[in-house]
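See structure below.
The values are calculated or read from the model by the stated rules, or taken from the named source; none is laboratory data. Here the structure is a predicted model, which is why all the values come from computation and not from measurement. Cβ: placed from backbone, ideal geometry, glycine included. Neighbour counts: every protein chain shown. All accessible areas refer to the heavy atoms of the entire protein, side chains included, with ligands and DNA or RNA removed. Shrake-Rupley method; radii C 1.70, N 1.55, O 1.52, S 1.80 Å.
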Amino acid sequence: MNRFMLMACAVATVWLAGCATQPTEGPDYGLQRGDDSAAQQRARAHTDLGVSYFQVGSNGVALQELQDAVQADPDYGPAYNGLGLVYMKLNENGKAERAFQRALSINPNDSEANNNYGWFLCQTGHESESIKYFVGALRNPLYRTPYKAYINAGVCSKKAGDLASAQDFFLKALHYRPSQSDALYNLADIFYTHGNYGQAKSYLDRYDRLARPTAKSLWLGARIAHRLGNGVSEAQYASALRQNFPGSDEAKALMNGQFR
């Protein structure tokens, strides 16, 4: 298979696979189509291929393709967005930050670059600063996946201790995608923290119908049931937690009776 056939297959993989996820919705790739110059077409082809390799974990090849993209066209923003993601994955945070900033200097309204730079900031201890970039991503009325920026903004607001803003962001994410499990779980957790156990149960029930259980979701379920005095439900959650995640911190908390 020659290079151009490989490139075509790789690009098809990008569109079929969709966006790979971080712990939440994670990155957007910002792949573009349209009538471009020859340099832009080469940059776009290398960027598409680099993203496809990044999605399957071939970070070294992805890095080379994205570097080839910026050599082909130093003003092709999506290539720098892709480089930021690869450098972030490789824990080269200085290079990641410079790449994201370059993408945004080329196009400050690039929703994908705003979302990804916000996530980078959130993951490197700048949760409060990250929010303005998620909001920046949402300013574009043509942004195809606004629920991702809302989810990420909610996670980072929650991490920063701003539960009111986090709740608002998660509710907005559900407006765009009612089945978004991260939003459902986090809303259940926030309402539990506020002592609104009935509302917490409502969101966790929706989460349970849509997503595979995790140690965190089972432990939250056990605590909600405990607060509501539902012994049967508490025992079911506790049993599932002990059976499926016996070595988890949540299982240890259960064994120690730390219902808080």
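Listed values, structure above:
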item: Rounded to 10°, Cα long-axis angle of helix 111-123 versus longest principal axis of the chain; result: 50 degrees
item: Positive-pole candidate from Val56, Thr214, Asn152, dipole of the chain, charges at beta carbon; result: Thr214
item: Principal-axis tilt of helix 59-72 within the chain, Cα atoms, nearest 10 degrees; result: 40 degrees
item: Estimated 222 nm signal from helices in the chain, with DSSP H stretches of n ≥ 4 weighted -39500 (n - 2.57), rounded to 500; result: -23000 deg cm²/dmol
item: 1.4 Å probe accessible area per residue over segment 176-260, in Å²; result: 55 Å²
item: Percent carbon-and-sulfur accessible area, segment 65-161, ignoring ligands, DNA and RNA, probe 1.4 Å; result: 46 percent
item: About the Cα centre, charge dipole magnitude for the chain (Lys/Arg +1, Asp/Glu -1 at Cβ), debye; result: 700 debye
item: Cα centroid of segment 88-111 to Cα centroid of segment 186-260, whole Å; result: 38 Å
item: Three principal axis lengths of the chain [C-alpha, angstrom, descending]; result: 67, 39, 31
item: Charge tally in the Cβ shell below 12 Å around Ile190, where Lys, Arg are +1 and Asp, Glu are -1, Ile190 excluded; result: -2
item: Among Gln180, Ala164, Ala225 the positive-end extreme of the charge dipole of the chain (Cβ point charges); result: Ala225
item: Nearest 10 degrees, 0 to 90: helix 163-176 Cα axis against the chain principal axis; result: 70 degrees
